[in-house]
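What follows is one structure encoded as structure tokens, with my remarks underneath.
The values are calculated or read from the model by the stated rules, or taken from the named source; none is laboratory data. Quantities reported herein were computed from a predicted structural model and do not represent experimental measurements. Quick reminder, even Gly has a Cβ in these numbers, built from the backbone with ideal geometry, and neighbours come from all protein chains shown. The area values use the complete protein model at the heavy-atom level, side chains included, leaving out ligands, DNA and RNA. Shrake-Rupley method; radii C 1.70, N 1.55, O 1.52, S 1.80 Å.
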Amino acid sequence: MITPDLGFVEGLEAPSGLHAQVIAEDRLVLVVPAGHPWTHRTRGVGARELAGTPLVTRGPGSGTRGALEAAVARAPGPDAGLSAPVAEFGTATAVREAVRAGLAPAVLSDLTVADDLASGRLVAVRTTGLDLLRELRAVWLGADTPPVGPARDLIAIASSPGRRTATPTSLIAAGASGLTLPVGAFSRHVRRGARAPARRSAR
């Protein structure tokens with residue numbers, strides 16, 4: 001969240017009644033703990049095998065989970081959908097810790113697991129037949145253009161040519177800290193804020 005009327009969301013569609021602009025892209029990555037059998041794969045893990053493997057996931061409605069479900073549905077071959085997860089968590093951090101503990105593999109944003117991959121605590125496994133690139137959006141309530149001020153400046157920088165895959169530092173920090181919200185959750189948050197009376201400043 002940047003201001004009460006603007007934030008970043010991860011999802012496949014813009015929320016109804018809110019304005020949105022794609023400002024960056026990130027990639028989902030299949031991760032396992034060091035020593036997992038998949039770390040020795042040379043051919044990677046295919047879409048159907050991944051779909052048939054119980055994973056650790058975010059809860060229903062999360063942008064990460066929705067993007068994975070959509071990627072599996074787009075993959076060649078019959079779509080059997082994802083297997084029931086081993087466990088569901090409300091944050092990417094909790095999912096990441098569950099993978100590190102050896103509970104099951106997971107598919108997470110590469111921004112979320114960058115430090116763990118660099119340190120060797122987690123290992124990225126190549127996937128085949130899946131498009132795991134997704135879009136990140138700035139979402140706001142009100143006029144067609146973003147609110148004036150730093151928020152609009154950040155959106156302009158993030159969406160400038162050449163920056164779509166080079167996510168700005170502020171957005172990386174937001175994504176890695178789990179501050180992005182599923183589309184539905186942010187939509188409800190903004191609308192509640194719009195209905196709430198303005199607070200008077202203390203004198």
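Taking the conditions exactly as written (modelled with pLDDT of 75 or more and either of a type outside the set (A, V, I, L, M) or assigned to a helix (DSSP H, G or I) (or both)), does Gly7 satisfy them or not?
Considered against the rule, which asks whether it is modelled with pLDDT of 75 or more and either of a type outside the set (A, V, I, L, M) or assigned to a helix (DSSP H, G or I) (or both), Gly7 comes out as no.
Out of the residues in segment 63-100 that are of a type in the set (Lys, Arg) and either modelled with pLDDT under 95 or open to solvent by less than 50 Å² (accessible area, probe 1.4 Å) (or both), which is farthest from Gly52 (Cα to Cα)?
Arg96
Checking Val123 against (1) part of a strand (DSSP E or B); (2) without any contact (Cβ under 8 Å) to a residue 60 or more places away in the chain; (3) over 18 Å from the mean Cα position of the chain (by Cα), which test does it fail?
Checking Val123 against (1) part of a strand (DSSP E or B); (2) without any contact (Cβ under 8 Å) to a residue 60 or more places away in the chain; (3) over 18 Å from the mean Cα position of the chain (by Cα), the one that fails is (2).
If Arg58 meets every condition in (1) under 16 Å from Val29 (Cα atoms); (2) open to solvent by 60 Å² or more (accessible area, probe 1.4 Å) apart from one, which number is that one?
The single condition Arg58 does not satisfy is (2).
For Leu103, state whether it is under 17 Å from Val125 (Cβ atoms), touching a residue at least 24 places away in the same chain (Cβ under 8 Å) and open to solvent by 10 Å² or more (accessible area, probe 1.4 Å).
It is true that Leu103 is under 17 Å from Val125 (Cβ atoms), touching a residue at least 24 places away in the same chain (Cβ under 8 Å) and open to solvent by 10 Å² or more (accessible area, probe 1.4 Å).
Cβ-Cβ distance below 6 Å, separation of 6 or more or different chains: which pairs start in segment 76-89 with a residue that is assigned to a strand (DSSP E or B) and end on one that is open to solvent by less than 70 Å² (accessible area, probe 1.4 Å) and of a type in the set (Ser, Thr, Tyr)?
Glu88/Thr57
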